[in-house]
Amino acid sequence: MWPLGHAAIGYLCYTLATRTRFDRSPGGIAVLALLVGTQFPDLIDKPLAWYLGVIPTGRTLAHSLLFLVPVSVGVYLLARRYGRPEYGFAFGLGAISHTLVDALPALWGGTDPSFLLWPALPVEGYESGAPTVTALFLESLSDPYFLSEFAFAAVALIVWRRDGYPGLAAVRTLLERVLPDRSARDSS
């Protein structure tokens with residue numbers, strides 16, 4: 001699955017969890033932690049496999065539940081120590097949903113799910129070198145699983161809007177801190 005699909009499914013899972021557990025919309029910074037979590041396995045595995053060649057595929061180390069569950073628990077415990085357990089929960093839900101969604105095609109024979117328990121279970125490395133993003137994209141265009149990501153993204157966007165766009169204000173605040181103030185620059 002591509003980043004958009006992981007973010008959409010992660011958000012839908014998280015908003016369902018917060019509404020079920022707390023009867024409220026997700027919090028803004030927690031949504032940002034969730035989005036980092038939904039991308040975390042690929043941010044670790046793709047560079048290590050595709051560019052550095054230190055792991056066999058783009059779905060091994062950070063896609064393995066043997067690595068991901070302890071990391072998620074550690075992030076949760078760290079966030080809880082600082083009084084923000086919802087951030088740790090959001091990150092963990094995003095990261096684990098990423099891996100489980102990547103394993104879904106195994107149900108119809110589309111992928112080998114042994115990456116879920118790597119290195120306890122072996123995975124086949126790349127036969128002809130790491131794939132390119134362009135080649136993967138072109139290969140995905142005819143895959144219904146890839147096309148379903150856009151449907152999930154549309155639903156997630158509708159739900160995000162209904163939830164009041166959580167995370168958007170946090171991004172604005174972060175950008176205001178990082179980027180120089182335009183109004184001060186324009187008035188000089």
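One line per residue, one yes/no per condition, for (1) farther than 14 Å from Ser64 by Cα; (2) touching a Ser or Thr at 6+ places or on another chain (Cβ under 9 Å):
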site	(1), (2)
Gly92	no, yes
Ile96	no, yes
Thr111	yes, no
Phe115	no, yes
Gly129	yes, no
Phe137	yes, no
Ser142	yes, no
Leu147	yes, yes
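Write out, first by first residue and then by second, each pair whose Cβ atoms fall under 8 Å of each other, whose residues are 6+ apart or on separate chains, and whose first residue, in the range 46-57, is under 20 Å from Pro3 (Cβ atoms) while the second is among the hydrophobic types (A, V, I, L, M, F, W, C) and not in a loop (DSSP other than H, G, I, E, B).
Hits for this filter: Leu48/Leu61; Ile55/Leu48; Ile55/Ala49; Ile55/Leu61; Thr57/Ala49; Thr57/Phe115.
Quick check on this structure: which one of Gly27, Gly83 is at pLDDT below 95, of a type outside the set (Phe, Trp, Tyr) and out of contact with any His (no Cβ under 8 Å at 6 or more places or on another chain)? Walk me through it before giving the result.
Values: Gly83 fails: at pLDDT below 95.
Criteria check complete, one pass: Gly27.
Regarding the range 87-99, can at least one residue be identified that is aliphatic (A, V, I, L, M), surrounded by fewer than 19 Cβ atoms within 10 Å (Cβ to Cβ) and out of contact with any Asp or Glu (no Cβ under 6 Å at 6 or more places or on another chain)? Full working, then the answer.
Looking only at the range 87-99, we keep the residues that are aliphatic (A, V, I, L, M), and these are 90, 93, 95-96.
Filter once more, keeping what is surrounded by fewer than 19 Cβ atoms within 10 Å (Cβ to Cβ): none.
So far as the range 87-99 goes, no, none of its residues is aliphatic (A, V, I, L, M), surrounded by fewer than 19 Cβ atoms within 10 Å (Cβ to Cβ) and out of contact with any Asp or Glu (no Cβ under 6 Å at 6 or more places or on another chain).
Restricting attention to the range 106-116, which residues are surrounded by 11 or more Cβ atoms within 10 Å (Cβ to Cβ) and aromatic (Phe, Trp, Tyr)?
Within the range 106-116, Phe115 is the sole residue that qualifies.
With Ser114, Ser128 as the choices, which residue is in a helix (DSSP H, G or I) and polar (S, T, N, Q)? Steps first, please.
Numbers: Ser128 fails: in a helix (DSSP H, G or I).
Every option except Ser114 fails the conditions.
Pick out the one residue from Pro47, Pro119, Pro41 that is at pLDDT 90 or above, buried (at least 19 other Cβ atoms within 10 Å of the Cβ) and not aromatic (Phe, Trp, Tyr). I'd like the intermediate steps shown before the answer.
On the way: Pro47 fails: buried (at least 19 other Cβ atoms within 10 Å of the Cβ); Pro119 fails: buried (at least 19 other Cβ atoms within 10 Å of the Cβ).
On inspection, the qualifying residue turns out to be Pro41.
Quick one: how many residues across the range 122-153 are surrounded by 11 or more Cβ atoms within 10 Å (Cβ to Cβ) and either more than 15 Å from Ala49 (Cβ to Cβ) or out of contact with any Phe, Trp or Tyr (no Cβ under 6 Å at 6 or more places or on another chain) (or both)?
Residues of the range 122-153 that are surrounded by 11 or more Cβ atoms within 10 Å (Cβ to Cβ), as a first pass: 122-123, 125-126, 130-131, 136-137, 139-140, 143, 145-153.
Now restrict to residues that are either more than 15 Å from Ala49 (Cβ to Cβ) or out of contact with any Phe, Trp or Tyr (no Cβ under 6 Å at 6 or more places or on another chain) (or both): 122, 125-126, 131, 136-137, 139-140, 143, 145-153.
Of the residues in that region, 18 qualify.
So, in the range 97-116, how many residues would count as being free of Cβ contacts under 8 Å to residues at least 40 places away in the same chain and under 17 Å from the mean Cα position of the chain (by Cα)?
The number of residues fulfilling the criteria is 2.
For the range 98-116, how many residues meet the condition of being modelled with pLDDT of 90 or more and farther than 25 Å from Val36 by Cβ?
Matching residues across the range 98-116 total 1.
The values are calculated or read from the model by the stated rules, or taken from the named source; none is laboratory data. Being a predicted model, the structure only gives us computed values, none of them experimental. Positions of Cβ are generated from backbone atoms using ideal geometry, with glycine treated the same way; all protein chains shown enter the neighbour counts.
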